[in-house]
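Here the structure comes first, spelled out in structure tokens, and everything after it is commentary.
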Amino acid sequence: MNSEANQQEALIQEAAAFLASWRAHPNAQPPSDEECSNRLEAIRVQIAKTGTYVHTARELEFGARLAWKNSNRCIGRHLWKSLEVRDCRELHTEENKEERTIEALKSHMVDAFRDGKIKSVVSVFAPRIPGQPDPVRMANHQLIRYAGFDGAGDPDSLTITAHFLRVGWKPKEQGDFTPLPWQFFWDEWPGAVHDVFHHQPELIQEVHLTHPENPAFEALKLKWYALPVLSDLALKIGGIVYPFAPFNGYYMGTEIGARNLADTGRYNALEAVANCFDWDTSDDRTLWKDRALVELNRAVLHSFDQAGISIGDHHNLGANFESFCQHESGENRVVPGDWTWLNPPLSGPQTPQFHRDYDNTVCEHTNFFYQPTLWEEAKPSSGCPFHL
């Protein structure tokens, strides 16, 4: 069997595995055995003619939800059935595709934020076609992300910020919380840089952090954006890869308070927090870092609650995820998981995840995957996505 035939047969097997997974979820209104058999034969014929196949609207909807359910690192998967799936597969064929794509993403952000009652949404754009450049990709890791400059902003964004500056971005300021612009890649050519948030700052809903007891905390002028929309992951459903499928849930507090603002390689705010409380920071054995970490996380949860914006805490989400695992076990289904990610970076042993073993086997046919960084080479990759 030649290489092309091998690839086609592998794609058929992944499509079959996806349909079998759907059949294993009777509450998700799966097709019958006969419908699955007929559908698989139709897929086989389409792959033989074109090298790929096209998902129906129902397949796309369930497939995107199943991909979230299969994501080993996510602790919010108990909400997988509520994911809103937006079909944007044809936008890249429009004459004004860049403007249409921007408007679709703006709509995603507004509707997902929902005045603070955040709902999970995925916008699925055109699929990858074998042997062709990706029809659309994005340089950005998230739709909202702060830039990194020399001595200001998010150090994690230094490289991509330098890329945007190199290709013509002119930010109105180089501050600690300057939002990055957007850049799309169409086929083999990158598009212009769009400073979306310069023109529409209201699209970014930010939470300014205060502490429930210590008014001195507010002087730190810390804040974070409310809506995390991952934009560089590939969505794979039954072997078909969608290289651009922006997806959001809502934050767990420790993502902001124990990582983004606390990590030494990010905003490194713990010493400033400790100084608000006049703690001795001269000796790590006083555990001032631990105390500051707790108070910073308290400030994050308090501030989001005061703003009326959805946010999870590691105790509540941990309990919900454990209930989800027990339910799936009762249905004879295994919840895959990456223990190192499911445990929060604060008080891990106080959550159920710390005391449970997980099968970290990755579902290859339907899942979200990391992709090679696009903008570093200034051209899209037509290779397969990979997971970490």
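The table that follows gives values for the structure above.
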read-out: Residue within segment 45-63 that is charged (D, E, K, R), buried (at least 19 other Cβ atoms within 10 Å of the Cβ) and closer than 30 Å to residue 323 by Cα present; value: yes
read-out: Only one of 173, 188 that is closer than 21 Å to residue 198 by Cα and charged (D, E, K, R); value: 173
read-out: Any hit, segment 112-120, residues being of a type in the set (Lys, Arg), under 23 Å from residue 311 (Cα atoms) and surrounded by fewer than 15 Cβ atoms within 10 Å (Cβ to Cβ); value: yes
read-out: Every residue from segment 360-388 that is modelled with pLDDT of 95 or more, over 30 Å from residue 297 (Cβ atoms) and touching a Gly at 6+ places or on another chain (Cβ under 8 Å); value: 365, 366
read-out: Residue under evaluation residue 17, criteria (1) touching a residue at least 60 places away in the same chain (Cβ under 8 Å); (2) surrounded by 21 or more Cβ atoms within 10 Å (Cβ to Cβ), criterion not met; value: (2)
read-out: Residues (without any contact (Cβ under 8 Å) to a residue 12 or more places away in the chain, closer than 19 Å to residue 360 by Cβ and either part of a loop (DSSP other than H, G, I, E, B) or aromatic (Phe, Trp, Tyr) (or both)) located in segment 298-344; value: 343
read-out: Residue that is in a helix (DSSP H, G or I) and of a type in the set (S, T, N, Q), where the choices are 275, 268; value: 275
read-out: Residue 320 modelled with pLDDT of 95 or more and exposed (fewer than 15 other Cβ atoms within 10 Å of the Cβ); value: no
read-out: Among (1) touching a Leu at 6+ places or on another chain (Cβ under 8 Å); (2) under 23 Å from residue 247 (Cα atoms); (3) buried (at least 17 other Cβ atoms within 10 Å of the Cβ) - the single one residue 209 does not satisfy; value: (2)
read-out: Verdict on residue 108 being modelled with pLDDT under 95 and in a helix (DSSP H, G or I); value: no
read-out: Hits in segment 175-200 - residues which are assigned to a helix (DSSP H, G or I) and within 20 Å of residue 91 (Cβ to Cβ); value: 196
read-out: Tabulated pairs, segment 92-120, first under 17 Å from residue 190 (Cα atoms), second assigned to a loop (DSSP other than H, G, I, E, B), C-beta under 6 angstrom, 6+ apart or interchain; value: 92/126; 92/135; 100/94
read-out: Helices (runs of 4 or more DSSP H) wholly inside segment 1-75 containing at least 3 residues that are within 24 Å of the chain's Cα centre (by Cα); value: 3-23, 57-69
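The values are calculated or read from the model by the stated rules, or taken from the named source; none is laboratory data. Bear in mind the structure is a predicted one, so any value in this text is a computation, not a measurement. Neighbour counts run over all protein chains shown; Cβ positions are idealised from the backbone, glycine included.
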